[in-house]
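None of the figures in this text is laboratory data; all of them are computed from the coordinates on show. Keep in mind that this is a model prediction, so the values were computed, not measured. No Cβ is skipped: glycine too gets one built from the backbone with ideal geometry, and neighbour counts run over all protein chains shown.
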Amino acid sequence: MVKITNLSKSYNRGAVKAVDNLNLHVKPGEIFGFLGPNGAGKTTTIKMMVGLLNPDQGSIFINDYDNQRDPIAAKRSIGYVPDSPEVYDRLTGLEYLDFMANVYEVSPDEKKKRISYFLEMFDLVDAANDLIKSYSHGMKQKIVLTGALLHNPALWIMDEPMVGLDPRSSHLLKELMREHCDRGNTVFFSTHILEVAERLCDRIGIIHKGKLIAIGTLEELRHGEHAGTLENIFLELTEQ
Ligand SMILES: Nc1ncnc2c1ncn2[C@@H]1O[C@H](COP(=O)(O)OP(=O)(O)O)[C@@H](O)[C@H]1O
Ligand SMILES: [Mg+2]
């Protein structure tokens with residue numbers, strides 16, 4: 001579902017190497033957790049996956065489409081939740097969702113059904129006609145999540161999606177992720193919440209200073225040279 005090959009990206013004319021020769025496969029049916037300390041290169045990788053940044057080198061295939069050669073085809077199968085929910089403040093929640101559904105060419109019937117499904121679930125029915133400007137951070141996060149999922153994308157790419165969600169919404173999101181993958185779809189998300197990764201992910205990749213330094217199931221990581229909890233493994237691997 002995702003195939004990243006020799007991916008590199010630097011900023012400031014090469015002064016900061018944010019992603020350094022990354023190779024990664026994510027299969028259908030998998031929840032893949034992308035872990036790493038602050039500044040490791042998670043957001044840069046994700047922005048290249050969704051087509052917001054161009055790589056210096058390397059390729060990314062999404063659902064067998066090269067996202068540089070066939071960006072529209074690649075983007076159709078992606079639902080993207082960025083690291084901070086910056087949405088159009090002067091739209092109401094409903095206007096924003098309507099806009100997102102139209103961008104992704106969701107049919108009117110589907111649109112209506114899916115919007116009410118998510119608004120109910122995320123407890124946003126009452127706020128749907130208010131301007132997004134008036135929303136709390138968590139409400140914005142939930143409206144962005146909803147907008148990203150309206151076209152029922154096969155691949156969810158989420159950058160720290162639990163940040164700002166209350167425990168109930170965070171629980172709901174985790175359930176949604178599991179259900180999505182159980183139907184043969186794929187979730188790729190970054191997090192620094194190790195307990196979430198430990199409980200939810202089928203496989204985990206740890207990135208540090210732009211390089212992928214470990215990848216596998218939790219079991220595989222544990223049976224490597226770094227035994228113990230994910231926290232131990234993480235701390236050992238990312239030691240300065
Ligand atoms: N727009 C930018 N300009 C310059 N440097 C950047 C920019 N965005 C990120 N960086 C740098 O690239 C590295 C990786 O950052 P990022 O991908 O945001 O990591 P993460 O999401 O894992 O915290 C960091 O050293 C960060 O300071
Ligand atoms: Mg980030």
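Annotations for the structure displayed:
- Translational diffusion coefficient of the chain (Stokes-Einstein, Kirkwood radius from Cα pairs, 4 °C, 1.567 mPa s): 70 µm²/s.
- For region 63-200, radius of gyration divided by Kirkwood radius, i.e. Rg to Rh on alpha-carbons: 0.95
- When exposed loop sites are taken as GluC sites (Glu not before Pro) in a DSSP loop with at most 10 other Cβ atoms within 10 Å, the longest stretch of the chain clear of them is 106-224.
- Cut-off 13 Å between beta-carbons: net charge of the residues surrounding Leu7, Lys and Arg +1, Asp and Glu -1: +3
- More than 18 angstrom apart: percent of Cα pairs within region 85-153: 25
- For Leu53, the amide hydrogen comes within under 5 Å of the amide hydrogens of Met48, counting only partners 5 or more places away or on other chains and with H modelled in the peptide plane.
- Compared with the alpha-carbon gap, the fully stretched path from Ser59 to Asn23 is longer by 12.0 nm at 0.36 nm per residue.
- In this calculation the C-beta distance from Val163 to Glu225 is compared with R0 = 30 Å, giving a FRET efficiency of 0.45.
- Cross-link pairs beyond the 20 Å C-alpha cut-off, checked among Lys174/Lys211; Lys47/Lys111; Lys42/Lys211: Lys174/Lys211; Lys47/Lys111
- Here the gap between Asp126 and Glu195, fully extended at 0.36 nm per residue and compared with their Cα-Cα distance, gives a gain of 21.6 nm.
- Against the main long axis of the alpha-carbon atoms of the chain, helix 137-149 sits at an angle near 90°.
- Within region 19-117, the trypsin sites (Lys or Arg not before Pro) that combine a DSSP coil assignment with at most 16 other C-beta atoms in a 10 angstrom radius are Arg69, Arg90.
- FRET efficiency for the pair Arg183 and Val16, taken as 1/(1 + (r/R0)^6) with r the Cβ-Cβ distance and R0 = 30 Å, rounds to 0.15.
- Trypsin sites (Lys or Arg not before Pro) within region 170-216, DSSP loop, no more than 13 other Cβ atoms inside 10 Å: Arg183
- Per-residue ³J(HN,Hα) for region 73-78, Karplus 6.51 cos²θ - 1.76 cosθ + 1.60, θ = phi - 60°, Hz, x for Gly and Pro: 4, 5, 5, 4, 9, 10
- Helical content alone sets the calculated 222 nm signal of the chain at -11000 deg cm²/dmol, taking -39,500 (n - 2.57) per DSSP H segment of four or more residues and averaging over every residue.
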